[in-house]
Structure formats: structure tokens, C-alpha cells
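Only one structure is covered here, and it is reproduced in the block below.
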Amino acid sequence: MCRDPVQAGTSVTLRAVFKDADENLITTSGITVNLFEPGLDPDVDNPTVSGLTASGLGQGVYEINFTAGNTAGAWVDQWTGPILGTVTTVNLSFSVINTGTISPYPDFGLCPNNLVELTLG
């Protein structure tokens with residue numbers, strides 16, 4: 001996965017794409033996201049933040065907005081939602097840093113899990 005790190009205490013937007021077994025984008029509802037700080041296991045521990053509601057951006061693309069916690073390290077964002085009648089859960093991750101600077105990445109092309117919108121005029 002290729003997500004940029006975020007600075008502790010700043011606004012964060014995370015996105016996820018929902019697809020069926022044939023890789024077709026699907027629109028669904030009732031998507032929630034739980035956040036787990038570094039060191040917590042999403043399979044056994046209670047989330048640090050629970051029940052964030054994802055907003056739809058278009059067919060199959062959803063996002064959440066929140067303020068990053070102050071604990072540095074790899075956080076887990078756990079997305080749960082119905083896909084064709086089956087409740088599905090997936091764990092993704094993002095990094096929080098509390099020192100240094102953040103530079104744009106990638107400097108050369110695109111990474112998986114990035115949403116690119118083009119408007120042709």
C-alpha cells in the first residue's frame with residue numbers, strides 16, 4: 001500500500017475502494033471504520049476510535065475524515081461494510097509521525113490505493 005504518512009494532530013482523509021469478486025466497483029451503504037493505534041490488534045483489542053461513518057465519493061469509492069491521534073507509528077483503519085449481502089471487513093494501515101517534515105510522495109507516478117480524479121474540459 002502506498003499511503004503518505006500524516007503528522008500527529010492534523011486533519012486526515014482516508015479512502016477505500018469496494019469491489020465485488022469480479023473486481024467491479026460497487027456502491028453500498030452502512031460502511032463504518034474503526035481506528036487502532038500502534039500496538040493494538042484489530043482482531044482482539046477494542047478500537048481507539050470506533051464507528052466512523054464513511055462517505056461515498058462515487059461508485060465504489062468511500063472516505064473518512066478525522067484528526068490524527070498523537071501516538072506515532074502504524075495505525076490500522078478497519079473498514080466494514082456489506083458487499084452483495086455479506087458483511088466484509090478489511091484492515092488497512094497508515095503512519096502517524098510526530099517529528100520531522102512530510103514531503104509529497106511519490107515524486108514519479110502513482111501508487112496503488114491512490115484516487116486520481118481527472119476533469120476534461
Built amide H within the under 5 Å cut-off of Thr88, gap 5+: Gly81, Ile83
Cα→Cβ-extended label distance, 7 Å offset, between Asn46 and Thr88, nm: 3.0 nm
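Here, each number is a calculation from the coordinates, and none is a lab measurement. Everything quoted here is computed from the prediction, not taken from an experiment. All Cβ positions, glycine included, derive from the backbone under ideal geometry; neighbour counts span all protein chains shown.
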